[in-house]
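Here is the structure we will look at, set down as structure tokens.
Where a number appears in this text, it was derived from the coordinates with a stated rule and is not lab data. Computed from a predicted model, the values in this text were never measured in an experiment. No Cβ is skipped: glycine too gets one built from the backbone with ideal geometry, and neighbour counts run over all protein chains shown.
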Amino acid sequence: MTEIYKPDVSEVKTYSTKKDFMKKFKKKSRFMELWYRFLKNKPAVIGLILFITIVLLAVCAPIIADYNEVAIKIDMSNRFNPPFSDNLLGTDEFGRDILARIVHGARISLTIGISAIAISFVLGGALGSIAGFFGGRLDGWIMRAMDVFLCLPDMLLAIAIVAAFGASTINITLAIGLAFTPRLSRVVRAAVMSVRGNEYVEAARCIGARNGRIITRHVLINCVGPIIVQITLYVANAILTISALSFIGLGIEIPTPEWGNMLAEGRSAMRQYPHLVIAPGLAIFFTILSLNLLGDGLRDTLDPRLKQ
């Protein structure tokens, strides 16, 4: 049985009217209901814990290991140290600590991945909400333009942008953000079209609300469930794209630690020293796994059709 939030009598007295209290009570009950539904999904909880752990490692990277002295400093006397020796995950061909490079690389991968999807959400969300809300010719023009970009794979479009403007962190973030904009615009458009004919939208029109206010305050707020789920999955895809760009030499440049360029550096000696590619490979694997599990759990929690 799901526990229900029970208000205390003293809490009721803190509100000026009964209406204010009931409004607050309903909000708490709805949040607790969703939270308990999420906790019932064990894979989703594992994904959340795993992702929080990765984020904490990235945030605490300067505390775990110094960037200049451990992560990028060359020490040829300690090259190719095996794991669980003086270094927990061993060292690479230049004597740099692999654990230090992984945690500092997590900061770069997570920052670029989240920032890129934020850019694509702003652009794709605006285009998708306008197309889905107004429809007609405007919808056709916007979606045909998005179809042109969808003809190119995300990776190929990102490579073209990076090759044209250079492989800086800002350019990589913009390239990945623009590459995912068409996909996210279609997600937002579909979500907007599913709610634009509801009664509360018609009621907002009747009281004279402007289209911009209706979209932001009434339409998008009721589409947040499927959009959040897709954003979670797209962050995982963006991190994979970052690693792939770095692996082929168009991403983060060496010696800056990033999981993709760590794989590229270690592939030449992976037969003799497999830990050079196993460690960054597992970092990518667990990050993508955590985001996929979290996205599936959010979908099951926020979709009312899956309510049990």
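Go from 0 up to the bin containing the longest alpha carbon distance in the chain, width 10 Å each, and give me the % of pairs per bin.
Histogramming the chain at 10 Å steps yields 6, 21, 25, 22, 15, 8, 2, 0 percent.
Helix 98-134: angle to the longest alpha-carbon principal axis of the chain, degrees 0 to 90, nearest 10?
30 degrees
Classify segment 182-230 as rounded, prolate or oblate from the Cα gyration tensor: take a ≥ b ≥ c as the square roots of its eigenvalues, call it rounded if a/c is under 1.5, otherwise prolate when a/b beats b/c and oblate if not.
Prolate is the answer for segment 182-230, as a/c is 1.5 or above and a/b outweighs b/c.
³J(HN,Hα) across segment 168-185 via Karplus (A = 6.51, B = -1.76, C = 1.60, θ = phi - 60°), whole Hz, x for Gly/Pro?
7, 4, 5, 5, 5, 4, 5, 5, 5, x, 5, 5, 8, 4, x, 5, 5, 5
For Thr111 and Ile248, compute 0.36 nm times the residue count separating them, minus their Cα-Cα distance, and round to one decimal in nm.
Extra length from Thr111 to Ile248 when fully extended: 47.3 nm.
Check which residues have an amide H placed less than 5 Å from Ile252's amide H, if you skip close sequence neighbours.
Answer set, sorted by chain and number: Ser246.
Can you compute the FRET efficiency between Val122 and Ile74 using 1/(1 + (r/R0)^6), with r the Cβ-Cβ distance and R0 = 41 Å? Round to the nearest 0.05.
0.50
For the ranges 167-174, 108-115, what's the packing order if you count other beta-carbon atoms within 10 Å of each residue, average per peptide, and put the highest first?
Output ranking for 167-174, 108-115: 108-115, 167-174.
Towards the positive end of the charge dipole of segment 226-308, with charges on Cβ (+1 Lys, Arg; -1 Asp, Glu), say which of Gly249, Leu293, Leu276 has the farthest Cα.
Toward the positive end, the furthest listed residue is Leu293.
For segment 86-224, what size does the Cα cloud have along each of its three principal axes, sorted from largest down, in whole Å?
Extents along the principal axes, in whole Å: 70, 30, 19.
If you take the beta carbon distance between Ala190 and Ala160 as r and set R0 to 22 Å, what does 1/(1 + (r/R0)^6) give as a FRET efficiency, to the nearest 0.05?
0.25
Scan the chain and hand back the longest stretch that contains none of the GluC sites (Glu not before Pro) lying in DSSP loops with at most 15 other Cβ atoms within 10 Å.
Longest stretch, sites excluded: 94-252.
Using helices alone, what [θ] at 222 nm do you get for the chain, with -39,500 (n - 2.57) per DSSP H run of 4 or more residues, divided over all residues and rounded to the nearest 500?
-23000 deg cm²/dmol
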